[in-house]
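Remarks on the structure that follows.
Any read-out appearing in this document is the output of simple, stated calculations on the displayed coordinates, not a laboratory observation. Predicted model, so just to flag it, every value in this text is computed and none were measured. When we count neighbours, we look across all protein chains shown, and the Cβ atoms used for this are built from the backbone with ideal geometry, even at glycine.
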């Protein structure tokens, strides 16, 4: 496997130095993107560079150049973020195949899986790893819900498209694991970012796909109770290309329910008896990825979903509520179920990592060239 040397680091430094110490308003971008989406596009915020050269956190790709920024969105606290940009060194800068933005799971406070990142760089792509400040949660928005909190990663995506990606030089693509898949699906469904992303890979999620079903599972009337889990059948394709049906859980565990409450200002997520107040259920519904105003039709953006078929957790079922609605490039989104991994450990198996990387590298092409129809 090739690695990136100091030449790549210098090249990235030169690219990022052009940005300078500036604040970039995202609202102008959001307004210009509103025409192509079917839903209501939410406003973006502002990214401000606070440290153009900072030490990289663990798991940074070899030769990555890191800098620290702050995301500011209306009616919520500012959050800092460190980005690490790595570029291949086996080709001229103008032959880089595109940019892949990598959102990690949970609260997104650590860099994305290193093995997957290195595969993309070796294949000729620029990668951007993202780590929000330790102790923060981009989904927390003073009880406004994760849909509002998603302004932060969506604003960062737009900033990266404008200041790190080189328009006309390959695709601008996204990859998100678990909570990171939530960041990308919110960006696509509610922030109009089908206008900038050419291809998106989503794994183990999005967990906030339908939080009302996750917090109060009887609300989904076709769910089946299997032990501690409420399940929904997912139609997918296994690693051999065969049709597969997976019983996927969708109710939040006792460990995750309090986190949902903290995002939206409720206290009853996971409560079955008595039934949670209607106001709480309404909050979970209206702040989910699949919520009023969502746009799931992406004529110029490819998208695929990936799940572990062995002992899946609720991220799979909650993700399925979104995956089943997506129409990408004129067709339903491909949904992959891989028996070689379990729970959310999709990046623990090198063969699965390689399969996902191959799919990304084949599909991360520029679908938004100026003048294209």
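Here are the numbers:
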item	result
Rounded, prolate or oblate (a/c below 1.5 giving rounded, otherwise prolate when a/b exceeds b/c) for the range 102-203 by Cα gyration tensor	oblate
MRE, 222 nm, helices only [DSSP H, n ≥ 4, -39500 (n - 2.57), over the chain, to nearest 500]	-8000 deg cm²/dmol
Ranking of 50, 352, 264 by count of other Cβ atoms within 10 Å, fewest first	50, 352, 264
Degrees, to the nearest 10: 6-17 long Cα axis against longest axis of the chain	80 degrees
Burial ordering of 339, 117, fewest other beta-carbon atoms within 10 Å first	339, 117
Candidates 205, 192, 168, ranked by Gaussian network fluctuation over the chain, Cα under 10 Å, top entry	168
Percentage relative contact order, the range 169-237, counting C-alpha pairs under 8 Å, at least six apart	29 percent
Alpha-carbon spread of the range 213-331, three principal axes, descending order, Å	43, 34, 23
Relative contact order, percent, the chain [alpha-carbon distance under 8 Å, six or more residues apart]	17 percent
Crossing angle, helix 350-363 versus the chain [Cα axis fit, 0-90 degrees, rounded to tens]	70 degrees
Top of 240, 251, 118 by mean-square fluctuation, Gaussian network on the chain, Cα under 10 Å	240
Fewest-first sequence of 76, 47 by Cβ atoms within 10 Å of each Cβ	76, 47
Crossing angle, helix 314-323 versus the chain [Cα axis fit, 0-90 degrees, rounded to tens]	80 degrees
Within a Gaussian network of the chain (alpha carbon springs, distance under 10 Å), most fluctuating of 128, 70, 101	70
Alpha carbon centroid spacing (whole Å) that separates the range 54-79 from the range 324-373	25 Å
Cα shape, the range 274-335, gyration tensor, a/c 1.5 rule	oblate
Relative contact order of the range 206-362, pairs being alpha-carbon contacts under 8 Å that are 6 or more residues apart, as %	28 percent
